[in-house]
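Q: Got a structure for you, written out below as structure tokens; questions coming shortly.
Every number in this text was worked out from the coordinates using simple rules, so none of it is lab data. Keep in mind that this is a model prediction, so the values were computed, not measured. Counting neighbours? That spans all protein chains shown, and the Cβs are built from the backbone with ideal geometry, glycine included.
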Amino acid sequence: MLKFLDSFDHYQTSEITKKYTQIYWDAISGPQTTPAIGPYGRRGTNGVQWAADDNPGSIGEVVQTTDPTAIVGLAFRAETGGTFGNLSYGDNLYPTWNGSGWNASIQPTPILIYIRNQSFTQTAVRLNRNGTLSIVQAGDGFIVEGVVNVYDTTTQALQVGQYYYIEYKTLIDSTVGTVELWVNCDMWLRVTGVNTIGQQAANPGTARWDEFVYGRLRLYGAPTDLVYQMDDLYAADGDASDPTNTIVDVMGDIAIDYRKPTADAVVAWTPLSGPSNYLMVDEVPPDDDASYNSTITPGNTDTFDHESAVIPGQNILAQQVVYDRRRPQAGATSTQPVFRVGGVDYVTTAAGDPTDYQFHRGIWTQNPATLAPLTDTVFNASPIGYKKVT
């Protein structure tokens with residue numbers, strides 16, 4: 001089941017924690033640098049960038065899943081201005097905590113993707129100093145979890161200055177776990193029949209995950225002169241129980257685009273000003289209380305026509321409806337995303353509204369009216385929006 005999509009095109013740096021659970025920091029002293037949303041995408045659109053410095057933050061998102069399979073895909077570029085490693089340090093190795101002591105045989109270079117459960121890292125994708133990638137098992141460590149096992153390392157290497165689409169898939173299990181690494185739709189690594197549960201002393205050892213983290217959070221002593229850029233991110237699990245959300249495997253190199261509202265379809269909320277509800281919700285980035293729609297009546301729904309699909313004649317792999325929402329006073333309220341197909345409103349799970357603005361989302365990978373693939377024709381003709389539930 002597809003759990004999360006991000007194009008980085010509909011919000012700004014200050015709103016990262018509207019979209020994600022939190023930003024993680026390396027525990028090294030010194031200035032902490034927030035990842036920046038800006039013109040860093042690979043198709044002339046926005047992406048997220050990590051500066052070359054000593055203490056970059058990584059982005060974490062907690063997801064609701066009980067399935068032991070985790071899949072994360074993202075476009076990644078190590079931008080010019082640095083190197084993957086610094087060859088001036090003798091054998092090019094720094095010591096890394098391995099759970100019982102310092103191990104000088106493991107390169108503590110930055111981690112691109114973490115898969116975590118209950119705040120413990122299970123496995124991760126590591127960028128090595130020569131541009132190769134390793135899949136590693138986490139253990140106890142100083143600053144961040146150390147590496148207790150390297151499952152395998154690619155023979156292929158990334159190049160500085162070039163975008164790649166990287167996908168990581170893992171089945172979390174103590175004996176039959178698997179790890180897979182795909183780059184530009186080619187499988188670079190696959191290891192089966194391994195323990196993919198993190199080996200921290202305090203870890204309860206559960207064969208599941210509840211969070212993915214991505215970015216530039218680094219192990220101690222890693223190089224600090226390289227800029228990271230990322231775009232077109234998704235996360236999924238292996239749950240196939242929802243017939244309208246059927247993604248349970250790697251998706252391949254995907255492009256994610258934001259399509260903004262262009263007209264009212266069927267609306268019932270009250271705009272702050274003017275005659276059109278869509279004009280209250282079409283700004284990028286969101287302007288919070290400067291323009292909004294409101295209602296106190298459960299069941300009221302707003303739906304909007306929107307910009308057409310970017311590539312005519314192609315099916316849409318997935319649609320994520322995203323809106324920015326808060327409740328203005330005490331009391332329990334909730335809303336849910338809406339996809340209006342053939343004059344019928346289809347919804348995903350309702351979520352409670354916070355007192356501060358937060359993004360809500362709902363995902364469809366199939367036409368909810370027919371359970372067939374979502375064509376561009378259906379997408380273009382089907383309004384999207386939100387419904388007040390309580």
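Q: Would you calculate, for the chain, the mean residue ellipticity at 222 nm contributed by helices, counting each DSSP H stretch of 4 or more residues as -39,500 (n - 2.57) and dividing by all residues, to the nearest 500?
A: The per-residue figure over the chain is -500 deg cm²/dmol.
Q: Please list, or write none, the lysines whose alpha carbon is within less than 22 Å of the alpha carbon of Lys169, excluding same-chain residues fewer than 8 places away.
A: Answer for Lys169, where 22 Å is the Cα cut-off: Lys3, listed by chain and number.
Q: Working out 0.36 nm times the residue gap between Ala201 and Ala351, then minus their Cα-Cα distance, what length gain in nm do you get to one decimal?
A: Working: separation 150, 0.36 × 150 = 54.00 nm, distance 3.51 nm.
Once the chain is fully extended between Ala201 and Ala351, it gains 50.5 nm.
Q: PRE reach from Ala255 (point 7 Å along Cα→Cβ): which of the range 299-319 fall under 15 Å by backbone N?
A: Only 308-318 pass the distance filter.
Q: Now a separate question. Extension gain Arg327-Thr154, at 0.36 nm per residue separation less the Cα-Cα distance, in nm? Please list the in-between numbers first.
A: On the way: separation 173, 0.36 × 173 = 62.28 nm, distance 4.87 nm.
Stretched fully, the Arg327-Thr154 segment lengthens by 57.4 nm.
Q: For Thr262 paired with Arg190, estimate the spin-label separation in nm (one decimal), with each label point 7 Å from Cα along the Cα-to-Cβ line.
A: Label-label distance for Thr262 and Arg190, simple model: 4.2 nm.
Q: Quick check on packing: order 236-243, 157-164 by the mean number of other C-beta atoms within 10 Å, highest mean leading.
A: On the way: 236-243: 16.4, 157-164: 14.8.
Taking the mean over residues of other Cβ atoms within 10 Å, the ranking is 236-243, 157-164.
Q: Restricting to Cα pairs below 8 Å that are 6+ residues apart, what does the relative contact order work out to for the chain? Please round to a whole percent. Write out the running numbers ahead of the final one.
A: Values: 1072 pairs, mean separation 71.5, N = 390.
Relative contact order comes out at 18 percent.
Q: Just add up the charged neighbours of Val62: K/R +1, D/E -1, any other residue whose Cβ is under 11 Å from the Cβ of Val62. The partial results should precede the final answer.
A: On the way: positive: Lys3, Arg116; negative: Glu61, Asp210, Glu211.
Neighbourhood net charge equals -1.
Q: Something else about it: Tell me which of Val62, Leu371, Ile384 sits at the most positive position along the dipole axis of the chain, charges placed on C-beta atoms (Lys, Arg +1; Asp, Glu -1).
A: Value: Val62.
Q: Another one. Hey, can you rank 316-322, 371-377 by average C-beta count inside 10 Å, highest first? Display every interim value, and only then the final one.
A: On the way: 316-322: 20.0, 371-377: 14.6.
So the peptides 316-322, 371-377, ranked by packing, come out 316-322, 371-377.
Q: Mind telling me which of Ala309, Ala265, Ala330 comes out most flexible in a GNM of the chain, alpha-carbon contacts under 10 Å?
A: Comparing Ala309, Ala265, Ala330 in the GNM, the peak value goes to Ala330.
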